[in-house]
Amino acid sequence: MTARSLAVSQELLDLKKIVGMNLWGLLRNLDWGIPELVARTGYSPHFLLLVLRGQQNLTLDTLHVLAKALGTDAYMLVNARFEQPDRSALIVKMLEYSNQDISRMRARDHATSTRVDVARNLKQLMAASGHNCVSLASSAGVAASTIQKCLRGLQNITIDTLAAMGAGLGIEPFIMLLPVQE
Amino acid sequence: MELTEKQRHTREVLGKNLKRYRKAQGWTVQRLAEETGYSISWIGGVERATMNSSTDRLARIAEVLGINVHLLFVEPQQK
């Protein structure tokens with residue numbers, strides 16, 4: 001790895017952390033926890049924790065969704081700096097969400113966990129069958145927007161739609177619901 | 001809207017499995033309704049394959065029955 005690419009990697013890492021810390025600050029200002037943000041964005045607790053920890057690469061669309069949920073603009077997530085007088089408390093709070101906590105949240109949040117499993121399985125099945133959203137939508141008789149939302153874990157899919165997508169992929173519907181091993 | 005053969009079959013498999021797992025717990029439809037918070041008529045409709053349902057609701061039912069949600073869709077000979 002060259003010195004320049006190392007520097008770029010470091011900047012990207014710092015930007016992820018900046019977004020994570022800004023998100024913490026905005027949540028604190030609103031006195032919100034993760035559940036409130038889950039409810040307002042539709043993202044899984046696991047995903048949001050990775051964002052808060054500065055470990056998740058984000059698309060512009062995701063930044064926009066997060067910002068809108070918080071009642072602000074996307075630039076506040078990447079530019080603003082929050083005062084952290086009690087950084088140690090903030091770090092402890094972040095560390096509270098250990099992998100064990102995430103597993104427990106997933107166990108409690110079966111609906112979200114199922115959506116995550118469907119999203120991951122669907123992505124793999126589409127890749128294996130050479131389908132994109134448009135071709136699968138045509139094959140299954142389902143809206144492409146529905147498939148896109150499923151891939152993002154944002155769709156509460158009906159059983160009839162699950163069956164149609166299974167038929168489009170040439171698989172039994174239960175395969176899309178198989179739990180993904182961490 | 002007319003259901004496809006695949007959709008009809010999926011509803012039937014789901015309905016049969018839901019009934020089987022519910023009875024394995026020794027529960028009536030009423031008991032399952034109380035445990036999940038869903039209506040008796042809706043649960044009965046799912047078991048009779050006359051009602052559509054969603055993955056969120058079935059995830060809740062699977063949680064209450066102590067099984068993984070995908071098992072509700074597996075035909076017995078596939079296990």
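The values are calculated or read from the model by the stated rules, or taken from the named source; none is laboratory data. These numbers were taken from a predicted model, which means no experiment stands behind them. Don't worry about glycine lacking a Cβ; one is built from the backbone with ideal geometry, like all the others, and counts go over all protein chains shown.
Details
- Residues in the stretch B:13-31 that are surrounded by fewer than 17 Cβ atoms within 10 Å (Cβ to Cβ) and polar (S, T, N, Q) were compared, and the one that is modelled with the lowest pLDDT is B:Gln25.
- Within the stretch A:128-180, helices (runs of 4 or more DSSP H) holding 3 or more residues that are more than 25 Å from A:Tyr43 (Cβ to Cβ) and at the interface with chain B (Cβ under 9 Å from one of its Cβ atoms): A:159-169
- Members of the stretch A:121-157 found to be under 21 Å from A:Leu178 (Cα atoms) and small (Gly, Ala, Ser), listed by number: A:Ala127, A:Ala128, A:Ser129, A:Gly130, A:Ala140, A:Gly153
- Residue in the stretch A:113-120 that is over 20 Å from the mean Cα position of the chain (by Cα) and among the polar types (S, T, N, Q) present: no
- Check on A:Leu125, assigned to a helix (DSSP H, G or I) and either in contact (Cβ under 8 Å) with a residue 12 or more places away in the chain or away from chain B (no Cβ under 11 Å) (or both): yes
Per-residue answers, yes or no, for (1) modelled with pLDDT of 90 or more; (2) within 22 Å of A:Leu169 (Cα to Cα); (3) surrounded by 19 or more Cβ atoms within 10 Å (Cβ to Cβ):
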| residue | (1), (2), (3) |
| --- | --- |
| B:Met1 | no, yes, no |
| B:Glu5 | yes, yes, no |
| B:Arg11 | yes, yes, yes |
| B:Ala33 | yes, no, no |
| B:Gly66 | no, no, no |
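- Residues within the stretch A:25-64 that are assigned to a loop (DSSP other than H, G, I, E, B) and surrounded by 14 or more Cβ atoms within 10 Å (Cβ to Cβ), tallied: 8
- Complete set of residues in the stretch B:49-79 that are within 16 Å of B:Gln25 (Cα to Cα), small (Gly, Ala, Ser) and facing chain A (nearest Cβ under 9 Å): B:Ala62
- Within the stretch A:74-89, considering residues that are in a loop (DSSP other than H, G, I, E, B) and modelled with pLDDT under 85, the one surrounded by the most Cβ atoms within 10 Å (Cβ to Cβ): A:Phe82
- Within the stretch B:1-41, the residues that satisfy the criterion of being among the acidic types (Asp, Glu), within 14 Å of chain A (Cβ to nearest Cβ) and in a helix (DSSP H, G or I) are B:Glu5, B:Glu12, B:Glu35.
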